[in-house]
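Take a look at the structure set out below.
The values are calculated or read from the model by the stated rules, or taken from the named source; none is laboratory data. Quantities reported herein were computed from a predicted structural model and do not represent experimental measurements. Note that each Cβ is placed from the backbone with ideal geometry, even for glycine, and that neighbours are counted across all protein chains shown. SASA here: full protein model, heavy atoms, side chains in, ligands and nucleic acids out. Shrake-Rupley method; radii C 1.70, N 1.55, O 1.52, S 1.80 Å.
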Amino acid sequence: MNRRTPAADYIMMIFGSFIMGFAIKNIYDPAGLVTGGVSGIAIILKDLAGVPLWCTNTFLNVPLFLVSLKIKGWRFIKRTFVATAALSVSLYVIPELALIPQDDLLLIALFGGLISGVGTGMVFLAQSTTGGTDMLAALIQKKIPHYSISQIMQVLDALIVVLGAAVFGIRPALYALIAIYGLARVSDGMIEGLKFSKAVFIISDQCREIAEAIMQEMSRGVTGLSATGMYSKEEKQMIYCVVSKKEISQLKELVQKYDRKAFVTVSDAREVLGEGFIEY
C-alpha cells in the first residue's frame, strides 16, 4: 500500500465534500429530510426563512472555527477548514436537479444515505471532517471529558433531527433516520466497518521503527509484547495499540511503509477508557 500524499488527501476530501453537497442540495433538502449536523439546520432555515444552504453552513461554522483556532490551534482545524469550505462552495455552485421523485421518501432516504455516505467516507479517509457538530462536539467534550465526542455528536444530531420533525413532520423524520443509518453503514464500510475505536496487533521484524512512527506521527501510545512463533519457535516482538476509526487508514499505511510483510490484526474496540479516548 502506497502512502497517500497530502495533496491526494486534500483532493479526496474536496471531492468527498462535493458529493456530500450534492446529496444535501438535491436529495435531502427537496424532501425535507433533516439528517442532523449543520446541513440539517441549513435545510430547516431554508424552509423557514429562505436562507440559502451555503450561507447557513458557512456562517454557523465561522464561530466554531474561531473558537477551535484559539483552543486547539491551526494544525487541528486546517483540514476541517478546507473540507467545510469545499462543502459551502459545493452548496453554492451545484445546480438544483430533480433526479428522484419527491413522493418516494424511501428511495430518497436510501440513495441519500448511499451518496452522502460515500462522500463522508472519503472525507474521513482524508483524516478530516466537514466541521459543524463534529467540531462543536470536540469543544463541548473539553468541558465534559467523561463523555466521548461520538456520544456528544449523537445527542447534538438527535436534537437537530427532532427539530426537523417539528418543522417537516414525523414522516420525513422517520425516513431521515433510515438515511442516517445508511450514511453510517456506507461511510464505516469505506473505512473497513470501523466503529468507535480499533485495537491493532502488529507482528513484524521492524517493530521498533513502526512503533516510533506511530508514536511520533500519530501521537498514539504503543505497547510492545513478547511473543513466540509456535511453528518456527522464534522469539518475536509484537506491537499493540488502539486508534480511532479515522486513524486506521493512516496506521496501515505506516506499517506498510516499514514492512510490507508485517502481520496485522485489526479488531473492534467498542469502548476504550483512558488518555486520548474516553476519560474516567
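Assuming R0 = 22 Å, what is the FRET efficiency of I71 and Q154, from their Cβ-Cβ distance, to the nearest 0.05? Can you show the working numbers first?
Numbers: r = 22 Å, r/R0 = 1.01.
Efficiency, from the Cβ-Cβ distance: 0.50.
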I want to verify a result. In a Gaussian network model of the chain, Cα cutoff 10 Å, which of these has the top mean-square fluctuation: K25, K257, K143?
K143
16 Å Cα-Cα reach of K257 towards aspartates and glutamates, excluding residues that sit fewer than 8 places from it in its own chain:
D205, E209, E212, E217, E247
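Figure the gain on full extension for Y147 and K246 (residue separation times 0.36 nm, minus the Cα-Cα span) and round it to one decimal in nm. Intermediate results must be reported in sequence, preceding the final value.
On the way: separation 99, 0.36 × 99 = 35.64 nm, distance 1.85 nm.
Residue separation times 0.36 nm, minus the Cα-Cα distance, leaves 33.8 nm.
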Mean accessible surface per residue for the stretch 73-196, computed with a 1.4 Å probe while every protein chain stays in place, in Å²:
51 Å²
Karplus-derived HN-Hα couplings along the stretch 57-65 (A = 6.51, B = -1.76, C = 1.60, θ = phi - 60°), whole Hz, x at Gly and Pro:
4, 6, 6, 6, 7, 4, x, 5, 5
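Per residue, how large is the accessible surface of the stretch 209-250? Use a 1.4 angstrom probe and give square angstrom.
On the way: 2430 Å² over 42 residues.
Dividing the accessible area of the stretch 209-250 by its residue count gives 58 Å².
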Helix 248-258 sits off the longest principal axis of the Cα atoms of the chain, rounded to the nearest 10 on a 0 to 90 degree scale, by 30 degrees
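Packing-wise, with mean Cβ within 10 Å as the measure, how do 216-222, 117-123 rank, highest first?
Those peptides, ordered most packed to least, come out 117-123, 216-222.
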For the pairs K70/K198; K78/K246; K233/K261; K46/K70, flag any whose C-alpha to C-alpha distance is greater than 25 Å.
K70/K198; K46/K70
Relative contact order of the stretch 119-264: what whole-number percent is it, with Cα pairs under 8 angstrom and at least 6 residues apart?
24 percent
When the chain is modelled as a GNM with alpha-carbon springs shorter than 10 Å, which of D103, D29, D205 fluctuates the most?
D103
Which angle between 0 and 90 degrees, to the nearest 10, do you get for helix 6-23 versus the longest principal axis of the chain when only C-alpha atoms count?
30 degrees
For labels at E234 and F59 in the simple 7 Å Cα→Cβ model, what's the distance in nm?
6.5 nm
Would you mind getting the Kirkwood hydrodynamic radius of the stretch 1-97 from its Cα pairs, rounded to one decimal in Å?
14.2 Å
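Calculate for the chain the 222 nm mean residue ellipticity that helices alone would give, adding -39,500 (n - 2.57) per DSSP H run of length 4 or more and normalising by residue count, nearest 500 deg cm²/dmol. Before the final figure, lay out the partial values.
Details: 10 runs with 165 residues, N = 280.
When only DSSP H runs of four or more count, the value is -19500 deg cm²/dmol.
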For the stretch 128-139, just list the computed ³J(HN,Hα) in residue order, Karplus coefficients 6.51, -1.76 and 1.60, θ = phi - 60°, integers in Hz, with x standing in for Gly and Pro.
8, 9, 9, x, x, 5, 4, 6, 4, 5, 5, 6
By how many degrees, between 0 and 90 and to the nearest 10, does the Cα long axis of helix 170-190 differ from the longest principal axis of the chain?
30 degrees
Out of every Cα pair in the chain, what percent are spaced more than 23 Å from each other?
57 percent
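Carbon and sulfur together cover what percent of the accessible area of the chain at a 1.4 Å probe radius? Numbers along the way, then the final one.
On the way: 9290 of 14730 Å².
Ligands and nucleic acids excluded, carbon and sulfur reach 63 percent.
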Pairs of alpha-carbon atoms within less than 8 angstrom and 6+ residues apart define the contacts here; what relative contact order does the chain have, in percent?
23 percent
At q = 0.21 Å⁻¹, what log₁₀ I(q)/I(0) does the stretch 152-235 have when each alpha carbon counts as one equal point scatterer in the Debye sum?
-1.05
